[in-house]
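The values are calculated or read from the model by the stated rules, or taken from the named source; none is laboratory data. Nothing here was measured: the structure is a model prediction, and the numbers come from that model. A quick note on method: Cβ atoms are made from the backbone with ideal geometry, for glycine too, and the neighbour counts reach across all protein chains shown.
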Amino acid sequence: MKVGRKGTALLDAPAAVGMTAAELAAYQKLLFAQTGIVLQDNKQALVEARVSLRLRALGMSSYREYLELLRQDRSGEELVQLIDAVSTNVTHFFREDEHFAFLGKVVERWTQAGKDRLRIWSAACSTGEEPYSIAMTLDAAIGRRRCDTKILATDISTRVLAEAQAGVYPEARLATVPDARRRACFRRVSADGQPMYEVNPDLRAMVMFRRLNFKAMPYPIRGAFDIIFCRNAMIYFDRPQRERMVGEFARLLKPGGFLLVGHAETLIGMSDRFRVIRPSIYERLKDGVRT
Ligand SMILES: C[S@@+](CC[C@H](N)C(=O)[O-])C[C@H]1O[C@@H](n2cnc3c(N)ncnc32)[C@H](O)[C@@H]1O
């Protein structure tokens, strides 16, 4: 197989025919073992369509050949391609905006009471809209008070992390950013004649991006965090994996800190180390305290 610089096939390969049940099972097994992602059987058409695009780009003609490549891939880069093919990176600024209203109020209260150090983790940050929305909210809530503030933003996909780190977005992606924030927090730049918006350097400096796979525990992170956002990622995992993740979040959160999950997700019945504040917002309890 000959592959061009950007992974584009130099020779046209014949299109792959339908994926067999055994091949689908092998993809499911590999993905689950490496990432914890549970690929449902009813996703076969999606996997076939997405993986065949990748086959074409690599000049391969069989799902089996690509599976072998994934198994041999030490860098994990090809696995990222597969994850991106079967999961969604969909996100937007101030998604589930009640979380940001909550964040703003809590941080205002904490810093008014003299708290001068804040550590926040945006777990599964995708292309960066979530950690930058956190940064914008903190900036407004802290105002002129002094507070050493850092946001850790992680994802398994190096592709989305690179986009997040660049912090440059087309105008359409800013549709959910209020005008005042847009003026205060972004600089208009031009890329290939297209208007783009770049996150201001002081906000960018608040955020540190790292690759992290939820499956690889314990997480190699030094806590403790005041708040963890883990939104719209747990849906990909089975219950045992979700419970282990929640255990890690409890370990890395300060008692009295908060865990925010997606609106379609819940911790109910999964852990006795949290109490629900409102749907999708949980407070980390002191050890041994049950609700
Ligand atoms: C739908 S996005 C969520 C983005 C953001 N949190 C939000 O709610 O808008 C889900 C993210 O989970 C990431 N992801 C999937 N499996 C993962 C894993 N095993 N470890 C870490 N991140 C993972 C994907 O790469 C994707 O960027």
| said: Kindly evaluate Thr176 against the criterion of being within 19 Å of Thr91 (Cα to Cα) and assigned to a loop (DSSP other than H, G, I, E, B). | reply: yes
| field | Count of the stretch 40-74 residues which are under 13 Å from Met19 (Cβ atoms), outside any helix (DSSP H, G or I) and free of Cβ contacts under 8 Å to residues at least 12 places away in the same chain | value | 0
| message | So Ala140 passes all but one of these: (1) more than 20 Å from Ala233 (Cα to Cα); (2) out of contact with any Phe, Trp or Tyr (no Cβ under 8 Å at 6 or more places or on another chain); (3) in a loop (DSSP other than H, G, I, E, B). Which condition number does it fail? | response | (3)
| said: I'd like to check something: does the stretch 53-76 contain any residue that is under 29 Å from Ser280 (Cβ atoms) and either buried (at least 17 other Cβ atoms within 10 Å of the Cβ) or near the ligand (Cβ under 9 Å from one of its atoms) (or both)? | reply: no
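Within the stretch 154-173, work out how many residues are farther than 18 Å from Ile83 by Cα and not in a helix (DSSP H, G or I). So that I can check it myself, show each step before the final result.
Going through the stretch 154-173, the residues farther than 18 Å from Ile83 by Cα turn out to be 165-173.
Then drop every residue that is not not in a helix (DSSP H, G or I), which leaves 167-170.
Matching residues across the stretch 154-173 total 4.
Of all residues in the stretch 168-178, which are surrounded by 12 or more Cβ atoms within 10 Å (Cβ to Cβ) and either more than 16 Å from the ligand (Cβ to nearest atom) or basic (Lys, Arg) (or both)?
If we filter the stretch 168-178 for residues that are surrounded by 12 or more Cβ atoms within 10 Å (Cβ to Cβ), which is where we start, we get 168-169, 171, 173-174, 176-178.
Residues satisfying the conditions are Val168, Glu171, Arg173, Pro178.
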| query | What is the one condition in (1) in contact with a helix residue (DSSP H, G or I) (Cβ under 9 Å, 6 or more places away or on another chain); (2) closer than 28 Å to Ala164 by Cα that Arg74 does not satisfy? | reply | (1)
| message | For the stretch 83-118, which positions are under 16 Å from the mean Cα position of the chain (by Cα) and in a loop (DSSP other than H, G, I, E, B)? | response | Ser87, Thr88, Asn89, Val90, Thr91, His92, Phe93, Phe94, Arg95, Glu96
| field | Scan of the stretch 237-260 for residues that are outside any helix (DSSP H, G or I) and closer than 13 Å to Phe214 by Cβ, ordered by number | value | Phe237, Asp238
| remark: Scanning the stretch 70-97 for residues that are touching a strand residue (DSSP E or B) at 6+ places or on another chain (Cβ under 8 Å) and among the charged types (D, E, K, R) gives none
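Filter the stretch 264-287 down to residues that are of a type in the set (A, V, I, L, M) and part of a loop (DSSP other than H, G, I, E, B) and give me whichever is modelled with the lowest pLDDT.
Our first condition is that a residue be of a type in the set (A, V, I, L, M); within the stretch 264-287, this holds for 264, 267-268, 270, 276-277, 281, 285.
The next check asks that each one be part of a loop (DSSP other than H, G, I, E, B); those that pass are 264, 267-268, 270, 285.
Values: Ala264: 94, Leu267: 93, Ile268: 88, Met270: 91, Leu285: 97.
Within the stretch 264-287, the match that is modelled with the lowest pLDDT is Ile268.
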| query | Looking at the stretch 210-260, which of the residues that are surrounded by fewer than 21 Cβ atoms within 10 Å (Cβ to Cβ) and aromatic (Phe, Trp, Tyr) is farthest from the ligand (Cβ to nearest atom)? | reply | Tyr219
| request: Name every residue in the stretch 210-231 that is assigned to a loop (DSSP other than H, G, I, E, B) and more than 28 Å from Lys115 (Cβ to Cβ), in order of residue number. | output: Asn213, Phe214, Lys215, Ala216, Met217
| Is at least one residue of the stretch 179-202 away from the ligand (no atom under 11 Å from the Cβ), part of a helix (DSSP H, G or I) and acidic (Asp, Glu)? | yes
| field | Arg117, sole failed condition from (1) within 16 Å of the ligand (Cβ to nearest atom); (2) more than 15 Å from Arg210 (Cβ to Cβ); (3) not β-branched (Val, Ile, Thr) | value | (1)
| request: Identify the residue in the stretch 120-149 that is within 11 Å of the ligand (Cβ to nearest atom) and of a type in the set (Ser, Thr, Tyr) and, among all such residues, is surrounded by the fewest Cβ atoms within 10 Å (Cβ to Cβ). | output: Thr127
